[in-house]
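The values are calculated or read from the model by the stated rules, or taken from the named source; none is laboratory data. Owing to the predicted nature of the structure, the values given are computational and were not obtained by experimental measurement. Note: ideal-geometry Cβ built from the backbone for every residue, glycine included; neighbour counts use all protein chains shown.
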Amino acid sequence: MRNRLKTAKAHRYVAVLTEDDSFVNMAGRYEYLELPYYVSQDYENDRLPIRPSCKQMLAAYVVPLFLERARLAGLDVPEYYITNGYFEAPSIVDSINPFMSRSRTVLKMSQQKSVAKSITRNFTYAACVQEIPPEAKIEHFRAVLGWSVVPRYRDAAEKIWKVFSIPLARVRVLHTYDGRLLLSKISPLVYKDLKQRELEHLEKKIRWDE
């Protein structure tokens, strides 16, 4: 345990969640093959509880996996489907491609063909298409251990933490005309980019062990 805590301090990735004394990987980037992924993997190999786990990282950053897991957990998400060619506008199109991660918002059908060709690399790879409901707005917020600086996003931030165990995330949502927030995507939010109020919130939730 002592050696593991020294490693955590050296990498400045891992803290202790005070509510249950579990470890939490605070790097903010959790893509497969990135160093924070292997930090969590080391903890799991030593049978030490850490969030997010490698499995949670993989599910969170692949858009259709994120959407399906959120849907199965009872969270609101847009209607979506997977294609490697034609899709309808208006929509948000995310690549499903091991070599790149791209998103495009397509509001007119005149953009469809060029976006499809670009996102799918000439119709080779699949893309995840999310339908934009009438009058919905695309918004983004920052989630920090289940909390957001902006009050209207706090419920969504808490649900993301409970379902995905991702400590730090940029979250894309669709804000519908009737006030619902449809979870659309999460992406990295690195620790060094946190603002003062976010850091103050973390101080109440975690400790950095010597």
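Miscellaneous remarks
- Meets criteria (more than 25 Å from T120 (Cα to Cα) and assigned to a loop (DSSP other than H, G, I, E, B)) for G85: no
- Residues (more than 15 Å from L199 (Cα to Cα) and of a type in the set (G, A, S)) located in region 134-161: A136, A156, A157
- Only residues that are free of Cβ contacts under 8 Å to residues at least 24 places away in the same chain and of a type in the set (D, E, K, R) were counted across region 104-151, and they come to 4.
- Note on region 87-98: among residues that are more than 23 Å from the chain's Cα centre (by Cα) and either of a type in the set (V, I, T) or surrounded by 15 or more Cβ atoms within 10 Å (Cβ to Cβ) (or both), the one that is nearest to V173 (Cα to Cα) is A89.
- Options Y61, Y38, Y43, Y32; residue that is in contact (Cβ under 8 Å) with a residue 40 or more places away in the chain and of a type in the set (S, T, Y): Y61
- Per the conditions (1) touching a Lys or Arg at 6+ places or on another chain (Cβ under 6 Å); (2) under 22 Å from V144 (Cα atoms), the sole criterion not satisfied by G74 is (1).
- The lone exception for Y43 - which of (1) out of contact with any helix residue (DSSP H, G or I) (no Cβ under 6 Å at 6 or more places or on another chain); (2) within 30 Å of Q112 (Cα to Cα); (3) among the hydroxyl-bearing types (S, T, Y) it fails: (2)
- Leading residue by the ranking (modelled with the lowest pLDDT) among those in region 11-62 that are within 17 Å of L145 (Cβ to Cβ) and part of a helix (DSSP H, G or I): P36
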